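Comments concern the structure below.
Readers should treat all values here as calculations from the given coordinates under stated rules, not as data from a laboratory. Keep in mind that what you see is a predicted model, and the values were worked out from it rather than measured. We place every Cβ from the backbone using ideal geometry, glycine too, and count neighbours over all the protein chains shown.
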Amino acid sequence: MQPYRLYGTEISYFTGKVRAYLRWKDLPFVEIPSDASVYSEVILPRVGFPVVPVVVTPQDETLQDTTDIIEALEQRHPDPTIVPGTPVQRLVAALLELYGDEWLVIPAMHYRWHHNREWAQQAFGQVSAPDAPPETQREIGASRAAPFARAAERLGATPPMHEAVEASYEALLGELQAHFDAHDYVLGSRPSMADFGLIGPLYAHLYRDPKSGELMRRKAPALARWVERMQDPQHKGTGEYLPNDRVPPTLLAVLTRMMREQLPVLVDTATQLRRWLAEHPGERIRRKIGTHTFELQGRRGERMVMPYSLWMLQRARDAYVQLEGPARIDADALLAAVGGEVFSNFPDPPRLAREGMSVRLATS
C-alpha cells in the first residue's frame, strides 16, 4: 500500500489529531512539514485556502478538516474502529471530540500566545523558513503568527478573562489527572474519537509549548503520559472499550465542566445563527457572525460567534436523537448526572454542512 501524505506541522493543533490517528491505526504515511513552498505548491492549489492538516491519499484525493479526514479514513480502514459500538459511549465520544476541537482551543491559544509567545513565534519561523538564520526566522514567525495571536482574544481569552481561563484549565487538569490515573484512554484501554478530539489541544499547544507543558507535567503527570501514548502508541490497533456501555465515573467531572462552560455558548450560537439567517437571506454563512458574551469561572467575557461549532455539535446531537428505548434512558440518565439537560433539549438550528472553514445550510 502506498503511504498517505500528511501535510502539517508539529505546532499545529489539528495536525496532532490526525497524526495520532494515523499512528494508532498503523496506516502508512509520510509527514511533509508545511513550509511556505508547500503552501504555495500543494495546499493552496488543492484546497484553495491556507490550512493544515491536509491529507493526500494514495489515489491522489485531497482530504481536509480533521473530522472529515478521519471519517473518510475510517470508511477505508474500518478495522479496528475508533467509534464505540455501544450508544452511550458513542455519544460521549462525540461530545468530547466537540469539546476538544471547539472549546479547549481557548486555553490552548491563551497559553501559547500569552505565556509562550516568543517560543511560538520562533517555531512558526522555523516551519516557514527552515533554512533561514534564527533572526530571520523570528521575523518571519512574528508575521506568520500574528493572526493566530489575535485569535486568542477573539476566542475569549481577553486580558480580563485570563485568570478565569487559567482557573478553568487547571481544574480540568486535575479532572483529567484523576481519569488517566485510572484508565489508559477515555473509554477504556482503546482510544476513541474522544481521545483524538482531545489530543489536538492537549498535545500541540498544552504539552509541547514549554510553559504550558511544564504546567501539565507538574499538575497532571498521568495526563502527560496519555499524551505520550497517543503520540507514540506502543500497542497499535489494540485494546477494548469498557464493557456494558459503561462510562467511567472519572469522566463525569469533565462532562459536567463541558456542559457548564461550552453548552450555553452553543445555545446562544444557534440563536445568533437563526437571527443572522433571517437578516441575510440567501447569503453565504460567514465564518464569524458577530460577538456574544460567555461566562467562565464566574466572569463574563466576549468572544466571536462561530457557526462551525454547530456543525460539530450536530454530530453529537445525531448520536443522541437516534437513541430509543433503554439506550435513550441510559443516555438521559448520564446527561442528567452531568447537568446536560441543555444538550438533550438543545434548540437545533437548520441542518448544516461543512464548506471550507465555515458552514452552509445543508439544503443549499
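Highest average first, the peptides 25-33, 245-253 ordered by how many other beta carbon atoms sit within 10 Å of their residues are 245-253, 25-33.
Looking at segment 1-141 alone, DSSP beta bridges between its own residues are antiparallel in about 55 percent of cases.
Across segment 4-76, the mean sequence separation of Cα contacts (distance under 8 Å, 6 or more residues apart), normalised by length, yields a relative contact order of 38 percent.
Taking a sphere under 11 Å around the Cβ of HIS162 and counting the other residues whose Cβ falls inside, with K and R at +1 and D and E at -1, yields a net charge of -2.
DSSP finds beta bridges in the chain, and of those with both partners inside it, around 80 percent are antiparallel. Taking the Cα centre of segment 2-63 as origin and assigning +1 to Lys and Arg Cβ atoms and -1 to Asp and Glu Cβ atoms, the resulting dipole is close to 220 debye. Its convex hull of Cα atoms gives segment 261-361 a direction-averaged projected area, equal to a quarter of the hull surface, of 7.0 nm².
In this simple spin-label model, placing a label point 7 Å from the Cα along the Cα-to-Cβ direction at both GLU41 and ARG246 gives a separation of 5.4 nm.
Please sort by residue number the GluC sites (Glu not before Pro) in segment 222-291 whose DSSP state is loop and whose Cβ has at most 11 other Cβ atoms within 10 Å. Intermediate results must be reported in sequence, preceding the final value.
On the way: sites: GLU228, GLU240, GLU261, GLU279, GLU283; in loops: GLU240, GLU283.
Of the GluC sites (Glu not before Pro), the ones in loops of segment 222-291 whose Cβ has at most 11 other Cβ atoms within 10 Å are GLU240, GLU283.
Cross-link partners of LYS25 among lysines, defined as those whose alpha carbon lies under 29 angstrom from its own and excluding same-chain residues fewer than eight positions apart: LYS17, LYS236.
Compare the Cα positions of TYR185, ILE32, THR293 along the charge dipole of the chain (+1 at Cβ of Lys, Arg; -1 at Cβ of Asp, Glu; about the Cα centre) and return the one farthest towards the positive end. Final value for the positive-end residue is THR293. Between ALA146 and MET357, the contour length at 0.36 nm per residue exceeds the Cα-Cα span by 74.1 nm.
May I ask you to order 139-152, 286-299, 181-194 by the average number of other C-beta atoms within 10 Å around their residues, highest value first?
181-194, 139-152, 286-299
Couplings 3J(HN,Hα) of segment 233-242, computed from phi: x, 8, 10, 5, x, 10, x, 9, 7, 4 Hz, in residue order, whole Hz [Karplus 6.51 cos²θ - 1.76 cosθ + 1.60, θ = phi - 60°; x for Gly and Pro]. Each Cα pair under 8 Å and six or more residues apart adds its separation to the average, and for segment 87-240 the resulting relative contact order is 32 percent. Here the label points at ARG328 and ARG315, each 7 Å from Cα along the C-beta direction, are separated by 2.5 nm in the simple model. Along its principal axes, the chain has C-alpha extents of 62, 50, 45 angstrom, given from the largest down. Relative protection proxy for 36-43, 123-130, from highest mean packing down: 123-130, 36-43 (other beta-carbon atoms within 10 angstrom). On the basis of the beta-carbon distance and an R0 of 22 Å, HIS235 and ARG76 show a calculated FRET efficiency of 0.50. Taking every C-alpha pair closer than 8 Å and separated by at least 6 residues, the mean separation divided by the residue count of the chain gives a relative contact order of 20 percent.
Placing a pseudo-label 7 Å from each Cα along the Cα-to-Cβ vector at PHE49 and GLN297 gives an inter-label distance of 3.2 nm.
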